[in-house]
Amino acid sequence: MDKKNTTLGEFIIENQSSFQYSSGELSKLINAIRLAAKVVNHEVNKAGLIDILGAAGDTNIQGEDQQKLDVLANDRFIQTLKNREIVCGIASEEEDHFISVNSHDEKHQNKYVVLIDPLDGSSNIDVNVSVGTIFSIYRRVTPIGSPVTLEDFLQPGINQVAAGYIIYGTSTMLVYTTGDGVNGFTLNPAIGTFYLSHPRMEFPETGKIYSVNEGNYIHFPQGVKDYIKYCQREEDDRPYTSRYIGSLVSDFHRNMIKGGIYIYPKSSTASEGKLRLLYECNPMAFLAEQARGKASDGFRRIMEIQPTELHQRIPFFCGSRKMVEKAEEFMAAQK
Ligand code: AHG
Ligand code: MN
Ligand code: MN
C-alpha cells in the first residue's frame, strides 16, 4: 500500500504487534489521544468565532494566567482519557495534582499514566499563530489495581513508552514515537482522518536556525550568550537565521524538518528556565532522540534526569545533534 494512504488508525493496528507482550492497551490509549486531538482541533479552529479567546481568569499552579483554550483543551483531553478508562493516572500542566483514574478499583487493570501539556504556546492563541498539545506515556511503577502515587509520575524520561505532540498549524498534525522512530500524520479536515504524511522524521545532523527568546539575552548565562554570538558570527556557514515562534511544539517541528536548535535557558530571572521537565522537555527529548537529534539541559541528557516534582522546570537545549553539542561546548567552557 502507498504509505501516504495509510491512516493513523491503520498504522496503530499494524504496529501493535511490534510491542512485546502487547495487550492492545497502548494502541487504545493512542487512539484516545487521536480522538481528543480532533476534538481540540475543532475548538482551536473555531477560536475567534465563539467566545474562547482570552484569559479564563484563573492562574495555574505555576502562577501563569490560564487562557480559556488552556482550560478547554485540558478538560477535553482528561475527559476523553477518563471516559475510556484506559489509563490509571493523568498529570497535566494545568492541574495542581495528578488525577487517579479508577486505579483503586481492582477491576481496573490499566498500567499506563499520561502526562500532558494540553495547550502549548498559549500566548499565541489570541493572534492566530500555531499552538500544540504535548503528551508523554509511562508504565506505572506501583502495583496494578492500587491507587497511583507520585512515584508513578516522577520517572526519568528514558522510561517513556510513547510520546508525541499535536500541532494545530496551517494543517493539523499528530507526530509521535513509541521508541521505533518518529512518524507524522496530517489531518484531512474534510473527513476527520489523519494520514501518514511524514514517515520516519529525522532532524538534519546540523542546521542554520537558532530559536531562543533573545529579548531575555541580558539575563542569560555566559555560555548561552557566547553561543548566540557564535550563531551570529560571519564565519563558515554562519550567520545562522533566528526563528522563534514562542510555541515549543511549532519551533521544534520546524527545526526537525529544516535543521535547527531550540534553547530555553535558565536566566537571572528564572533560575530553572521556564519549560517543564515532565510535560514538555521529556516528551520532546524522546522525540528528538528518536529522530536522531539531541536534548540536554546544557550539560546533562534530559531523559536521564530524575524528576523530583510534578511541575519541575529545567533549562532546555534541543534539536540537531551537532548544534546541541556545539552549544554544550560553550556551556562547559563557562561552567
Ligand atoms: P505554555 O503555553 O504551555 O505555558 O508553554 C509556553 C512555552 C513554550 O511553548 C514556549 O516556547 C515558551 O513557553 C515561550 O516562552 P517565552 O514567551 O518566555 O519566550
Ligand atoms: Mn507548554
Ligand atoms: Mn500549556
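Condition test on T170, is it closer than 17 Å to F286 by Cβ, more than 16 Å from ligand 1 (Cβ to nearest atom) and not aliphatic (A, V, I, L, M)?
Details: closer than 17 Å to F286 by Cβ: no; more than 16 Å from ligand 1 (Cβ to nearest atom): yes; not aliphatic (A, V, I, L, M): yes.
No: the conditions fail for T170.
Assess whether M284 counts as being more than 19 Å from the chain's Cα centre (by Cα), surrounded by 24 or more Cβ atoms within 10 Å (Cβ to Cβ) and not in a strand (DSSP E or B).
Working: more than 19 Å from the chain's Cα centre (by Cα): no; surrounded by 24 or more Cβ atoms within 10 Å (Cβ to Cβ): yes; not in a strand (DSSP E or B): yes.
So M284 fails the test.
For E329, indicate whether it is out of contact with any Phe, Trp or Tyr (no Cβ under 9 Å at 6 or more places or on another chain) and either buried (at least 21 other Cβ atoms within 10 Å of the Cβ) or in the same structural domain as Y240 (by TED's automatic domain parsing) (or both).
no
Can you find even one residue in segment 92-102 that is touching a residue at least 24 places away in the same chain (Cβ under 8 Å), assigned to a loop (DSSP other than H, G, I, E, B) and under 16 Å from V40 (Cα atoms)?
Yes - at least one qualifying residue is present in segment 92-102.
Restricted to segment 104-113, and to residues that are touching a helix residue (DSSP H, G or I) at 6+ places or on another chain (Cβ under 9 Å) and free of Cβ contacts under 8 Å to residues at least 60 places away in the same chain, which residue is nearest to ligand 1 (Cβ to nearest atom)? Steps first, answer last, please.
Narrowing segment 104-113 to residues touching a helix residue (DSSP H, G or I) at 6+ places or on another chain (Cβ under 9 Å): 109-113.
Filter again for free of Cβ contacts under 8 Å to residues at least 60 places away in the same chain, leaving 109, 113.
Details: Q109: 32, V113: 19 Å.
Restricting to residues being touching a helix residue (DSSP H, G or I) at 6+ places or on another chain (Cβ under 9 Å) and free of Cβ contacts under 8 Å to residues at least 60 places away in the same chain, the top hit is V113.
From the list I50, I13, I90, I99, pick out the single residue that is β-branched (V, I, T) and either crowded, with 19+ Cβ neighbours inside 10 Å or within 16 Å of ligand 3 (Cβ to nearest atom) (or both).
I90
Restricting to segment 269-293, count the residues that are modelled with pLDDT under 95 and within 12 Å of ligand 2 (Cβ to nearest atom).
0
So T170 clears everything in (1) within 15 Å of L8 (Cα to Cα); (2) more than 18 Å from the chain's Cα centre (by Cα) except one condition, right? Which one?
(1)
Looking only at segment 292-302, which residues are surrounded by fewer than 19 Cβ atoms within 10 Å (Cβ to Cβ) and closer than 22 Å to S250 by Cβ? Break it down into steps so the answer makes sense when it comes.
The first filter runs over segment 292-302 and keeps only residues surrounded by fewer than 19 Cβ atoms within 10 Å (Cβ to Cβ), leaving 292, 299-301.
If the condition is that a residue be surrounded by fewer than 19 Cβ atoms within 10 Å (Cβ to Cβ) and closer than 22 Å to S250 by Cβ, then R292 is the only one that fits.
hydroxyl-bearing (S, T, Y), under 17 Å from the mean Cα position of the chain (by Cα) and modelled with pLDDT of 95 or more: does that describe S136?
yes
What are the pairs, 6+ residues apart or on separate chains, where a residue within segment 115-144 that is closer than 27 Å to I158 by Cβ has its Cβ under 7 Å from a residue that is more than 16 Å from ligand 2 (Cβ to nearest atom) and among the basic types (K, R)?
Note: pairs meeting the criteria are R139/K111; R140/K111; I144/K111.
Does I116 qualify as being away from ligand 1 (no atom under 16 Å from the Cβ), assigned by TED's automatic domain parsing to the domain that holds L35 and in contact with a strand residue (DSSP E or B) (Cβ under 6 Å, 6 or more places away or on another chain)? Please lay out each step first, then the result.
On the way: away from ligand 1 (no atom under 16 Å from the Cβ): no; assigned by TED's automatic domain parsing to the domain that holds L35: yes; in contact with a strand residue (DSSP E or B) (Cβ under 6 Å, 6 or more places away or on another chain): yes.
It is false that I116 is away from ligand 1 (no atom under 16 Å from the Cβ), assigned by TED's automatic domain parsing to the domain that holds L35 and in contact with a strand residue (DSSP E or B) (Cβ under 6 Å, 6 or more places away or on another chain).
The values are calculated or read from the model by the stated rules, or taken from the named source; none is laboratory data. Just so we're clear, the structure is a prediction, and the values are computed from it rather than from any experiment. Virtual Cβ from ideal backbone geometry, glycine too; neighbours counted across all protein chains shown.
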